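The values are calculated or read from the model by the stated rules, or taken from the named source; none is laboratory data. Bear in mind that the values here come from a model prediction, so they are computed numbers and not experimental data. FYI the Cβ positions are ideal-geometry reconstructions off the backbone, even for glycines, and counts take in every protein chain you see.
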């Protein structure tokens, strides 16, 4: 017997809303119509939130601001379901690139930001709720930088787990901080991330003066399907491996990446080069690049490198046959496996944060309609025993 439909939301880091005023405007202009459409389709809806560090601090210190946000969430019929605590600053500034990994988990700033988000998020939820908070995979180091102090990072994660346990004691809301592995970061793969959690935290709980049971209860993994696809990780096998290890997966970020299947598609990939976000790239023969400008500079090498995948979140309902498309087929595999499983699926969060740089490449409909189209595409996998042949992409 298949599982019931999971909670399906989208990540609001797609909206340039770094302060309370823009957050409230976003709830009115985008979240409210998306929530209404989900309700009309017979689905529950809750928000996948993102708050910049200044906004999280303001909300934590100002009860009036929290009340304003709570009232706006209620008016939008969009209770808080999850938080993305990966981007710390302005995620829509002119150039983000590797700055998105700063500050990293060596710093007190990262720990404080995470605590602010957890405390505010828990205040907006009910006793017994679970709040997942996806975070960066420790950090990023350029090839010529000094090695990261991963032991310090582990200590900070243990401190975070202890703080989350205290929040649960006070509020009844269980917060789960979930590492999100990403290409070219300190934790690239699911196996890297599981090993860090097990070897540096779960197996060494006493060293951090935090019980292993507390660490396991409040730490886990956020599986971003685009990130796995770039590195050619099997997402179904990765999810099963985490289940077998007893590592919690509170959230799956449902996303697909760009895929060049033959050299004829390389120029089209290069047309997606843009200055704001980082687009890590890996080819079938192992050739790698930190961004598309590097691929362009090494064009002949990549043209001969076989299939190429690039970290560029594109709409879930888009793919096409031929030399250039997306890894939607990988997303389908995961959703079909989840829909067929008797085990309840994690929260599913659509994370196409790139609409601001995609322009009208995939149509000119209002943003809330584009997001709703993706949510409907995901939800269709739980309708009438949907199969790969019944859940189709637009031409």
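Worth pointing out:
- Scope segment 117-176; condition without any contact (Cβ under 8 Å) to a residue 12 or more places away in the chain and over 23 Å from residue 210 (Cα atoms); matching residues: 143, 144, 145, 146, 147
- All positions within segment 347-361 that are at pLDDT below 95 and in contact with a strand residue (DSSP E or B) (Cβ under 8 Å, 6 or more places away or on another chain): none
- Any hit, segment 212-219, residues being touching a residue at least 60 places away in the same chain (Cβ under 8 Å), buried (at least 21 other Cβ atoms within 10 Å of the Cβ), under 30 Å from residue 259 (Cβ atoms) and touching a helix residue (DSSP H, G or I) at 6+ places or on another chain (Cβ under 8 Å): no
- Qualifying residue in segment 69-85 (condition: outside any strand (DSSP E or B), closer than 30 Å to residue 291 by Cβ, in contact with a strand residue (DSSP E or B) (Cβ under 8 Å, 6 or more places away or on another chain) and in contact (Cβ under 8 Å) with a residue 40 or more places away in the chain): yes
- Among the residues here, residue 57 does not qualify as within 18 Å of residue 31 (Cβ to Cβ), surrounded by fewer than 22 Cβ atoms within 10 Å (Cβ to Cβ) and modelled with pLDDT of 95 or more.
- Where strands (runs of 3 or more DSSP E) sit wholly within segment 207-316, those with at least 1 residues that are under 23 Å from residue 378 (Cβ atoms) and under 20 Å from the mean Cα position of the chain (by Cα) occupy 219-224, 248-254, 256-260, 308-314.
- Hits in segment 103-147 - residues which are buried (at least 19 other Cβ atoms within 10 Å of the Cβ) and part of a loop (DSSP other than H, G, I, E, B): 104, 105, 124, 125, 136, 137, 138, 139, 140
Yes/no matrix, rows are residues, columns are (1) assigned to a helix (DSSP H, G or I); (2) at pLDDT below 95; (3) buried (at least 20 other Cβ atoms within 10 Å of the Cβ):
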{"residue": "338", "(1), (2), (3)": "yes, no, yes"}
{"residue": "345", "(1), (2), (3)": "no, no, yes"}
{"residue": "364", "(1), (2), (3)": "no, yes, no"}
{"residue": "379", "(1), (2), (3)": "yes, no, yes"}
{"residue": "393", "(1), (2), (3)": "no, yes, no"}
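- Residue count for segment 2-30, restricted to those that are closer than 30 Å to residue 341 by Cα and out of contact with any strand residue (DSSP E or B) (no Cβ under 6 Å at 6 or more places or on another chain): 4
- Residue 165 vs. criteria assigned to a helix (DSSP H, G or I), within 20 Å of residue 222 (Cα to Cα), modelled with pLDDT of 95 or more and touching a strand residue (DSSP E or B) at 6+ places or on another chain (Cβ under 7 Å): no
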